[in-house]
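Following: one structure in structure tokens, then a few remarks.
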Amino acid sequence: MNEVKVFSEAIQYIKIEVGEEFYGVDISIIDNIVRMQRITRVPNVAPYIKGVINLRGEIVPIMNLRLKMGLEEIEYSKTTRIIIIKTENFGKIGLIVDAVKEVVALEEDQIEKLPYDNSDENHFVNAVGKVDGSLVSLLDINVVLYDKSSREEA
Amino acid sequence: MDVSQYLDVFIDESKEHLQNLNTQILDLEQEPGNMDTINEIFRAAHTLKGMAGTMGYKRMQNLTHNMENVFSEVRNGEAKVNAAIVDVLFQCLDALDEYVSNIQSTGDEGDNDNENLIKVFNDFLEGKSSEGEAAKEEKSEAKEAEPEKAAVAETADSSDEDASWKSIKFAESQLVVMKEAIKEGKKVIGLTVTVQESCILKAARAFLVYKAVEELGEIIVSNPSAQDIEDEKFDLEFSLIVISDSDIEALKSAATNVSEIEKAVGGYVQLDGAPAEEKAVEKNESEPENKPAVVADKKPSTVDSGANAASVNKAADKKKPVVNRTVRVDIEKLDDLMNLVSELIIAKNSLVSAATTKGASTNNVNEQIEYLESVTTNLHESVMKVRMVPIESVVNKFPRMIRDLQKKLGKKMELYMSGEETELDRTVVDEIGDPLMHLLRNSADHGIEDDVNLRKERGKPEAGSIWLDAYQDGNNVVIEVRDDGNGIDVAAVRNKAIERGTITEEQAASMSDPEIINLLFLPSFSTAKQVSDISGRGVGLDVVKSKIESLSGEVDVKSVYGEGSKWTIRLPLTLAIIQSLMVVIGGEKYAIPLGNIQTIESIVPDEIRTVQQKEVINLRGSVIPIIRLNEVLGCESTRKPEEDYIVVVVKKGDVQAGLVIDELTGQQEIVIKSLGKYINKSKVISGATILGDGEVALIIDPNALI
């Protein structure tokens with residue numbers, strides 16, 4: 001999804017904060033960004049699935065990105081947001097992030113692809129972008145959503 | 001010309017006509033001499049041909065055309081229907097069905113010419129006694145013309161869609177003239193010219209076309225007649241049959257060179273087809289309206305039709321036609337909806353004014369809310385009605401299936417159907433066909449005894465009977481498939497189950513007959529001693545069961561060995577909106593579908609007993625296992641242990657269970673929403689709904705708990 005495109009136009013990423021780090025999510029897969037709201041728990045699902053919300057009449061499952069990344073769950077704050085991403089296989093899914101920062105545009109030469117790494121920490125990131133001297137890890141959303149059991153279902 | 005927009009309608013209507021043909025031909029088989037049936041078949045075949053032609057599906061058109069020829073002969077009493085031709089007709093319907101499915105999935109009819117079928121039809125026509133010679137003669141003429149036709153097949157093909165010239169009748173003398181012309185190496189060309197809608201002096205334009213064409217050849221037939229054309233007694237198109245030395249393209253361009261002519265299409269006249277067409281036109285004077293109607297819809301363009309047809313093909317190639325699923329709605333139902341919507345708007349306005357009026361009394365607002373409630377309930381009902389279609393469309397194909405099975409299995413059987421008009425939600429009707437077919441095949445193959453003598457011994461008539469009954473029962477629709485056949489051999493099932501290791505012998509001993517029979521619904525469980533291609537591969541009943549359960553229905557079987565079996569399918573009337581009981585468990589709100597609920601009981605903790613490590617209650621004589629929902633759902637109950645339990649007794653088939661909940665909040669009509677694919681692993685939760693305050697409540701599926 002966020003592979004480097006052949007044309008040289010910049011790709012826009014939403015810069016989000018999870019834990020102490022900044023991540024970039026390809027803007028083209030983002031449907032919406034909403035504030036924290038009441039989440040209805042769904043029994044017998046993976047711990048990082050917090051439940052479902054009502055997004056204007058649509059039921060959307062919500063995943064806590066901190067938990068998925070193996071971080072501690074923290075209390076939701078004023079800056080906590082749910083970014084709703086649209087996926088081909090699963091429809092809409094919400095990701096709880098600590099904060100949404102800004103939109104960054106990355107040219108092709110600002111993105112450095114990471115070699116495939118099996119260790120867990122870098123698993124979610126498939127490239128790194130350089131913006132104004134700081135680094136933004138670009139999320140591979142397929143890996144983020146990957147879940148053994150859901151893979152079997154699909 | 002873009003016909004893709006008519007594709008939906010075409011597929012829908014084709015299916016309808018095919019179904020109609022199936023039914024009628026079945027009737028015909030019973031009563032080979034019934035003129036009404038023959039006429040009806042003829043009409044359906046003719047319409048189908050016209051539609052296929054309009055859409056540019058040449059093979060389909062060709063096949064229906066040949067079929068129509070057969071019926072035209074039958075109708076004129078020149079041929080008799082026999083068993084052989086009925087079989088071929090059914091094959092032909094299957095072939096047409098295949099075309100339609102191909103068109104539906106890919107937009108193309110496929111490349112099966114079904115020449116063998118066409119040949120059988122032709123043989124049938126040739127084989128008939130009267131007029132045989134003339135027909136043969138014409139045919140050989142046609143064969144001579146064949147190579148020519150092939151050479152220009154491209155152009156001739158593309159013009160097929162609007163070929164109203166094809167329906168021109170020929171007098172005997174004209175036929176002779178045409179044959180002569182062909183012998184002399186001239187070409188007989190049919191031409192249909194369409195005048196632009198905006199054209200004012202149609203007659204004048206037509207006259208110019210006449211003149212242009214006459215320069216190239218001799219006009220032998222004109223439809224309407226030259227006089228009528230002169231008097232402007234024609235719609236937008238007229239057809240000519242021309243004998244000429246020039247080819248089609250020359251004629252077409254001559255015609256289109258005249259201004260205000262929208263287009264001219266043409267092709268070489270095939271003399272063998274002509275006589276049949278002639279009869280078609282006689283009886284169906286009103287029929288050709290189909291074609292002009294479509295023609296009139298097209299946007300005027302002066303491009304020649306060859307190019308047009310090509311672009312149609314291209315369009316079809318490009319976007320694979322995803323055919324929308326449609327429901328035909330009675331206009332009255334739509335009017336009702338419209339009325340209700342206007343009432344809804346009025347209700348909203350009243351509510352707004354009631355709320356904004358100074359010193360608004362709660363009474364007034366409540367009154368308006370009640371009004372709003374009644375409007376939305378009615379609206380819901382109306383919308384559901386719009387979605388409802390009779391199951392007729394599905395069950396109609398079964399008589400044909402049973403007929404085929406009868407031949408294949410060599411058993412005599414009859415299918416009796418009732419309640420075809422019973423309505424169900426469109427989505428359910430679409431899905432219910434396969435399970436029903438499985439059950440019917442099952443009855444035909446395993447149900448009805450193979451041995452006629454055995455039937456006689458058992459005091460049953462020689463021919464087996466299968467019944468398909470549908471009726472509405474409260475909020476459910478019940479469909480029953482019954483047969484007077486062998487019934488289920490419980491002992492055989494039991495042995496098979498033990499043999500397969502599905503159950504142990506001890507288990508088998510303690511299981512009741514109905515429980516044993518229910519084993520049949522397990523995957524890969526077939527008791528058929530022989531695997532036939534009709535059923536017995538063990539992929540029947542479990543598929544039936546899971547399909548019906550996916551439609552929130554249930555299936556049940558009762559059987560008496562030696563007397564027959566009865567399969568009962570119970571389906572909810574609607575899927576999207578249900579009545580449900582709202583409950584609270586561990587502080588969370590859940591909905592339990594009302595359809596599953598038997599009773600709600602208050603149980604003193606002492607009444608709960610333990611049997612085989614399972615908690616049960618004795619409710620009016622029956623022992624019911626209880627399920628603590630807070631444990632299943634993984635949350636803490638808010639009730640104190642000494643308090644009475646609230647137990648919701650639910651039922652699945654004959655099995656009951658008591659669900660322990662914390663609190664009841666009431667009954668509510670809820671709209672079912674899917675949880676989405678990402679978290680559909682939770683079996684206990686069948687979906688979610690959005691409550692009045694925007695909160696999400698999950699729907700518990702009691703069937704998954706039992």
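When B:Val660 is tested against the conditions (1) more than 23 Å from A:Asn89 (Cα to Cα); (2) out of contact with any Phe, Trp or Tyr (no Cβ under 6 Å at 6 or more places or on another chain); (3) not aromatic (Phe, Trp, Tyr), the lone failure is (2). Only one entry of B:Ile578, B:Ile592 meets the criterion of being at pLDDT 90 or above and surrounded by 13 or more Cβ atoms within 10 Å (Cβ to Cβ), and that entry is B:Ile592. In the range B:85-122, the residue that is surrounded by the most Cβ atoms within 10 Å (Cβ to Cβ) out of those that are out of contact with any helix residue (DSSP H, G or I) (no Cβ under 8 Å at 6 or more places or on another chain) and polar (S, T, N, Q) is B:Asn102.
Yes/no per residue for (1) within 24 Å of B:Gly687 (Cβ to Cβ); (2) more than 14 Å from chain A (Cβ to nearest Cβ):
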| position | (1), (2) |
| --- | --- |
| B:Ala591 | yes, no |
| B:Arg609 | no, yes |
| B:Ser622 | no, yes |
| B:Arg628 | yes, no |
| B:Glu642 | no, yes |
| B:Val649 | yes, yes |
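Filtering A:Glu20, A:Glu9, A:Glu75, A:Glu107 for residues that are touching a Ser or Thr at 6+ places or on another chain (Cβ under 8 Å) and away from every other protein chain (no Cβ under 14 Å) leaves a single hit, A:Glu107. Applying the criterion of being crowded, with 21+ Cβ neighbours inside 10 Å and farther than 18 Å from B:Gly653 by Cα to the residues of the range B:516-566, the residue that is modelled with the highest pLDDT is B:Gly564. Scanning the range A:56-68 for residues that are touching a residue at least 12 places away in the same chain (Cβ under 8 Å) and surrounded by 18 or more Cβ atoms within 10 Å (Cβ to Cβ), we see that the one that is nearest to the other protein chains (Cβ to nearest Cβ) is A:Pro61.
Among residues of the range A:23-55 being facing another protein chain (nearest Cβ under 7 Å) and not hydrophobic (A, V, I, L, M, F, W, C), the one that is nearest to B:Asn630 (Cα to Cα) is A:Pro43. Of all residues in the range B:214-221, none satisfies being touching a residue at least 24 places away in the same chain (Cβ under 8 Å) and closer than 13 Å to B:Ala264 by Cα.
In the range B:472-499, the qualifying residues are those that are touching a strand residue (DSSP E or B) at 6+ places or on another chain (Cβ under 6 Å) and in a strand (DSSP E or B), and the one that is modelled with the lowest pLDDT is B:Asn476. Which pairs do you get when a residue that is surrounded by 16 or more Cβ atoms within 10 Å (Cβ to Cβ), found in the range B:623-637, comes within reach of a residue that is part of a helix (DSSP H, G or I), reach meaning Cβ atoms under 6 angstrom, with the pair 6+ apart or on two chains? Going by the 6 Å Cβ cut-off, the qualifying pairs are B:Ile627/B:Leu705; B:Ser637/B:Asn630.
Here B:Thr638, B:Thr689 are screened, and the one residue that is more than 14 Å from chain A (Cβ to nearest Cβ) and either of a type outside the set (Phe, Trp, Tyr) or touching a helix residue (DSSP H, G or I) at 6+ places or on another chain (Cβ under 7 Å) (or both) is B:Thr638.
Scanning the range A:1-42 for residues that are exposed (fewer than 15 other Cβ atoms within 10 Å of the Cβ), in contact with a Phe, Trp or Tyr (Cβ under 9 Å, 6 or more places away or on another chain) and at pLDDT below 90 gives no hits. Residues of the range B:403-440 that are within 16 Å of B:Gly564 (Cβ to Cβ) and outside any strand (DSSP E or B): B:Lys411, B:Lys412, B:Leu439, B:Leu440. Each residue in the range A:92-119 was checked for being crowded, with 16+ Cβ neighbours inside 10 Å and either acidic (Asp, Glu) or out of contact with any strand residue (DSSP E or B) (no Cβ under 8 Å at 6 or more places or on another chain) (or both), and 1 of them qualify. Applying the criterion of being among the polar types (S, T, N, Q) and farther than 17 Å from B:Leu63 by Cα to the residues of the range B:21-51, the residue that is farthest from the chain's Cα centre (by Cα) is B:Asn34. Of all the listed residues (B:Val265, B:Val209, B:Val258), the sole one being more than 37 Å from the chain's Cα centre (by Cα), at pLDDT 75 or above and of a type in the set (A, V, I, L, M, F, W, C) is B:Val209. When the residues of the range B:547-577 are filtered to those that are in a loop (DSSP other than H, G, I, E, B) and in contact with a helix residue (DSSP H, G or I) (Cβ under 7 Å, 6 or more places away or on another chain), the one that is nearest to B:Lys460 (Cα to Cα) is B:Tyr561.
The values are calculated or read from the model by the stated rules, or taken from the named source; none is laboratory data. Keep in mind that what you see is a predicted model, and the values were worked out from it rather than measured. Note: ideal-geometry Cβ built from the backbone for every residue, glycine included; neighbour counts use all protein chains shown.
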